[in-house]
Amino acid sequence: MNTPLSRLAALLGQGTEIAAKSMTVPPAVDSALEAMRLRTTKSTPVRIQSDQQLLAIRTFWDTHEIPGFREAYLLSWGLCLPHREKGFCILEDNRRLKRVLEKADEYLEKPRVYRRCYQGLSQSYFAYSYTSQEGRVAAAGNWPMFREYLHARSSCIRDEYGNPEWVQTAINNKDIFGRDPCSPYVMDLLHGDTRMIDQLCDHLSIGKASWFLDKLVMAQVRKSTTLSHDQFLELLQRLLDVLEKNEVQRDAGLRLLLDRYADIPGHLLHQPLRDMSVFHWGNPWLPSNEARWGGVAEDTRRMVSDWLKLEFIEAFFTKLAEDGLGDPRRMKFWKRYVKAIDHIEFALGSFARNTTEPDFVALRKKMKGIICTLDASGTNNAFIMRMGDLVAVEFSDLGNALYGYNATTVPFDTRKNLFLPSSTPNSLKQKPRAVLWQGHHGIKGSGNSWENIVESKLAHQFGIQPDQMKRHRGKANPPSSATASSKTTAQAAKEFQHAKPYSLDALALYVRQHGLSIRDNSSIGGSVWVYAGTDDSEIGKTLTRWGFQYRPGKGWWK
């Protein structure tokens, strides 16, 4: 029966069936909800009109007044901006900085409002770069107070109704506003994990030019120097790559890495470390590079010098060899004397000086300051070594003999064009003036190689030993009597002290008798160094009488 009551029952039944069916949310609704969430949590770039901000800074600088939130907000984001050209910024003025922070604190009870100022303050913290040397000093006095303020107020920026991502990042990483902001992140960075730093930079708007990122570089370097030898070596190449990209911290970081590497027993050649230091600082034993190399320890500098000398020896007897095939015997021989070589110069012929081949271009750059001009055609070149009292000259052509000259009476001047013919002035080949002359062949029928002959002459005539010979021998002539040979070292030192006037020859003999080492930089305008670790012994008395001065931790110089 189709009564009003039955029709109502039918309609209610249809509604119940519809309600029982599951509803599918359209994709567009999901997208809209996600967009709303992101708008709530994602940080959006803050855009401030620079002219309005500068006006607010200048007005505040003159009046010391901050009328309302708008001005507090603009000033919070502008602490690093100078109030006029070449003028101080607010971070460099204690009274004005305190006033801005006090004004921001007026909004602490409204976290959503206060954190807009806090975000600007934190951005100024990371962006600060001193306006002048005087400004830097002033900011250094304000910095602890500003840093502690940001650290303490980080708990005041959370709002119970929702927070952007940067808020939680600032709260979770509040130690970034502490005395050592880098320490929580150093070990992760050393192992190549940059996720936390990437998040910090993204959420807190830390720019690439920030002092914080520079400080992170040095924090990694310093931390690496405290690790074991193996751990340090594992990280070294990555740290070199990081420093290469950071010009501001490169020199300071490189000094730390070099000195740390020099502490490793044996410190075998590390080619990237050598190449990077020489590329940026030049040749370590040249006086013209003293300022660049002055920050490393003397032993470190000597280590790199030896590495570079080894490379030069290899280069001369391979790349600079006249036939292009190399001379492994001479190369192997002179590499044994690298620690005895005080100074090196290369007299390059026309080809080696002018070729644009990449290997030669790179080699000439490393040789800057030690290249002389050899007026000779083709691929003729010469290798000039200063070793104590001896200046030795090798030539790229194996057919040439080894020439050696007394260092005090060298018959040529490397500041002028050098020549090969013996009859030409300033020739490198002046046999009558030579104190050592030896062809690169042995004595027929004796089985004695040229290497043995030269090694014997270097040892007996000049006291020059291969690097592996730890003890220096004196002249070949034995004492004239048993009494002389049985004298104690102390007796010999005292007799020597009273009998001998100063000369380089007397000094060379003295250091050989006492097992000391000497470095003579006088030929390049430097000092003569004797490496002895005492200033009050008989050795010290002798050196003092000869005019030497003692430098603690290094030795004697004159």
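The table that follows gives values for the structure above.
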| read-out | value |
| --- | --- |
| Residue ID - farthest from residue 362 (Cα to Cα), chosen from residues in the range 254-297 that are of a type in the set (Asp, Glu) and surrounded by fewer than 17 Cβ atoms within 10 Å (Cβ to Cβ) | 263 |
| Meets criteria (of a type in the set (Gly, Ala, Ser), exposed (fewer than 14 other Cβ atoms within 10 Å of the Cβ) and in a loop (DSSP other than H, G, I, E, B)) for residue 141 | no |
| Candidates 465, 438, 461 - the one that is without any contact (Cβ under 8 Å) to a residue 40 or more places away in the chain, touching a helix residue (DSSP H, G or I) at 6+ places or on another chain (Cβ under 9 Å) and among the polar types (S, T, N, Q) | 438 |
| Looking only at the range 398-425, and only at residues there that are outside any loop (DSSP other than H, G, I, E, B) and touching a strand residue (DSSP E or B) at 6+ places or on another chain (Cβ under 7 Å), the one that is farthest from residue 528 (Cα to Cα) | 419 |
| Given (1) assigned to a strand (DSSP E or B); (2) over 30 Å from residue 519 (Cβ atoms), index of the condition residue 372 fails | (2) |
| Whichever residue in the range 511-543 is of a type in the set (Val, Ile, Thr) and touching a strand residue (DSSP E or B) at 6+ places or on another chain (Cβ under 8 Å) and, among such residues, is modelled with the highest pLDDT | 530 |
| Residue count for the range 319-354, restricted to those that are modelled with pLDDT of 90 or more and either among the β-branched types (Val, Ile, Thr) or outside any helix (DSSP H, G or I) (or both) | 12 |
| In the range 117-138, residue farthest from the chain's Cα centre (by Cα) [restricted to those that are part of a loop (DSSP other than H, G, I, E, B) and either under 25 Å from residue 47 (Cα atoms) or among the acidic types (Asp, Glu) (or both)] | 131 |
| Helices (runs of 4 or more DSSP H) contained entirely in the range 169-267, each with at least 1 residues that are within 30 Å of residue 46 (Cα to Cα) and in contact (Cβ under 8 Å) with a residue 12 or more places away in the chain | 186-190, 195-203, 211-225, 247-262 |
| Residue list for the range 74-96, filter: at pLDDT 95 or above and either among the basic types (Lys, Arg) or not assigned by TED's automatic domain parsing to the domain that holds residue 150 (or both) | 95, 96 |
| Subset of the range 179-197 (residues that are surrounded by 15 or more Cβ atoms within 10 Å (Cβ to Cβ) and not aliphatic (A, V, I, L, M)) | 181, 182, 185 |
| Matching residues in the range 268-284 - criterion: being assigned to a loop (DSSP other than H, G, I, E, B) and in contact (Cβ under 8 Å) with a residue 12 or more places away in the chain | 269, 270, 282, 283, 284 |
| Criterion (crowded, with 18+ Cβ neighbours inside 10 Å, closer than 28 Å to residue 352 by Cβ and not assigned by TED's automatic domain parsing to the domain that holds residue 357) met by exactly one of 304, 217 | 304 |
| Matching entry among 409, 379, 414 (being farther than 22 Å from residue 309 by Cα and polar (S, T, N, Q)) | 409 |
| Residue 334 being assigned by TED's automatic domain parsing to the domain that holds residue 418, of a type outside the set (S, T, N, Q) and surrounded by 15 or more Cβ atoms within 10 Å (Cβ to Cβ) | yes |
| Selected residue (criterion: surrounded by the fewest Cβ atoms within 10 Å (Cβ to Cβ)) from residues of the range 409-433 that are of a type in the set (A, V, I, L, M, F, W, C) and without any contact (Cβ under 8 Å) to a residue 60 or more places away in the chain | 410 |
| Scope the range 59-73; condition surrounded by 13 or more Cβ atoms within 10 Å (Cβ to Cβ) and either part of a helix (DSSP H, G or I) or modelled with pLDDT under 85 (or both); matching residues | 59, 60, 61, 69, 71, 72, 73 |
| Residue match in the range 332-344 (condition: in contact (Cβ under 8 Å) with a residue 12 or more places away in the chain, over 30 Å from residue 516 (Cα atoms) and of a type outside the set (Asp, Glu)) | no |
| Residue check for residue 54: out of contact with any His (no Cβ under 7 Å at 6 or more places or on another chain), modelled with pLDDT of 70 or more and either assigned to a loop (DSSP other than H, G, I, E, B) or buried (at least 17 other Cβ atoms within 10 Å of the Cβ) (or both) | no |
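Residue-wise test of (1) hydrophobic (A, V, I, L, M, F, W, C); (2) more than 22 Å from residue 166 (Cα to Cα); (3) modelled with pLDDT of 95 or more.
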position	(1), (2), (3)
98	no, yes, yes
103	no, yes, yes
108	yes, no, yes
116	no, no, yes
121	yes, no, yes
130	no, yes, no
133	no, yes, no
139	yes, yes, no
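The values are calculated or read from the model by the stated rules, or taken from the named source; none is laboratory data. Model, not experiment: these values are computed from the prediction. Glycine gets a Cβ as well: all are built from the backbone with ideal geometry, and neighbour counts include every protein chain shown.
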